[in-house]
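What follows draws every value from the coordinates through simple rules; no lab data is involved. Note that the coordinates shown come from a computational prediction; the quantities given were computed from them, not determined experimentally. Using ideal geometry, Cβ is built from the backbone for each residue, glycine included, and neighbour counts are taken over all protein chains shown.
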Amino acid sequence: MSNKNINQNVKSVGIVGDGDDVELIEDFEAAFQIAFANEEAENITTLGQAFEVICSKLPNTPSQQGKCMTAMAYYRLNRALKGNGKIKLTNRVSLPDCKSPRSFQQYLEERTGLSLGFLTTESVWVTFLFWFQLVSWIIAPIVLTGVNVYIGGIAIALVSHSFWRIADNADQRVWIFDGTLGDLSQQASASNFAELVSLGGNWKESDVWKTMTAIIHEITEFPAEEMKPEMKFI
């Protein structure tokens, strides 16, 4: 009886099962550079189960020895931001007045070799054009008739997609990171987990959990800090 009550109180992170579950597994595989067998993926129902499977597939075992991945990210970022000398972990990182969000992100990525997509997001007008193209593709077959459905539909799809691609390439993006160099180093290590491990970084279970919950948050928007091992995906 008590087990039944516990199960009823377990929350879900909000995966609805319309393909998001497959996307989530693919994101796990890409982030950790591992592969899930079909049977493994089908049998995972809770965050704790996913965490255990991921840890079992990572090279070596978690330890306090070896290179700290957050420290590895810090040294790379410090060199990119300052060159010689050291920046305190408590110093805030902000967008330089002389650079656009896009150019500064690209500069940091080139200098560090890290993926830092969390620093910026696309501008509102680019997001609008993205959704506009999808809506136009849906409306075109309804408005057009006969052979116009194919000719007009293809033309509308090409034009709307071209506008979006041009806008996306020209977009200077919006700076959204708000934190210290320490925060930046932690997020960078989580976003580049597999890369840093391959370079000798020592992973900890807390690193795996942080990276895993960040990926889930990106898809579901469920707060990462509220996720628990017993929570279900669906």
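Structural remarks
- Expressed as a fraction of 2.2 N^0.38 Å, the value expected for a compact globular protein of N residues, the C-alpha radius of gyration of the chain is 1.24.
- For segment 44-57, putting each phi into the Karplus relation 6.51 cos²θ - 1.76 cosθ + 1.60 with θ = phi - 60° gives couplings of 7, 10, 10, 5, x, 5, 4, 4, 5, 5, 4, 4, 5, 9 Hz, in residue order, rounded to whole numbers and with x for Gly and Pro.
- Within the chain, helix-based [θ] at 222 nm, where runs of 4 or more DSSP H residues each add -39,500 (n - 2.57), nearest 500: -18500 deg cm²/dmol
- For segment 213-229, backbone phi angles converted through the Karplus equation (6.51, -1.76, 1.60; θ = phi - 60°) give residue-by-residue couplings of 5, 5, 5, 4, 4, 4, 8, 9, 6, 6, x, 4, 5, 9, 6, 10, x Hz, Gly and Pro being listed as x.
- Karplus 3J(HN,Hα) series, Hz, for segment 86-101 with 6.51 cos²θ - 1.76 cosθ + 1.60 (x for Gly, Pro): 10, 9, 5, 4, 7, 6, 6, 9, 10, 6, x, 4, 8, 10, 7, x
- In this structure, the pairs whose alpha-carbon distance is over 19 Å, taken from 82/204; 204/232; 57/232; 11/228; 86/204, are 82/204; 204/232; 57/232; 86/204.
- Label-point separation, residue 219 to residue 75 (7 Å along Cα→Cβ), nm: 3.4 nm
- Under 5 Å, built H, 5+ apart or other chain: amide partners of residue 202: 67, 68, 69
- Given their separation in residues at 0.36 nm each and the Cα-Cα distance between them, residue 110 and residue 43 gain 20.2 nm when the chain is fully extended.
- Each part reduced to its alpha carbon centroid, segment 14-32 and segment 155-228 end up 14 Å apart.
- Taking the alpha carbon gyration tensor of segment 124-170, multiplying each eigenvalue by 5 and rooting it gives semi-axes of 23, 11, 4 Å, largest first.
- Distant-in-sequence amide H partners of residue 93 (H built 1.01 Å from N, under 5 Å): 179, 180, 181
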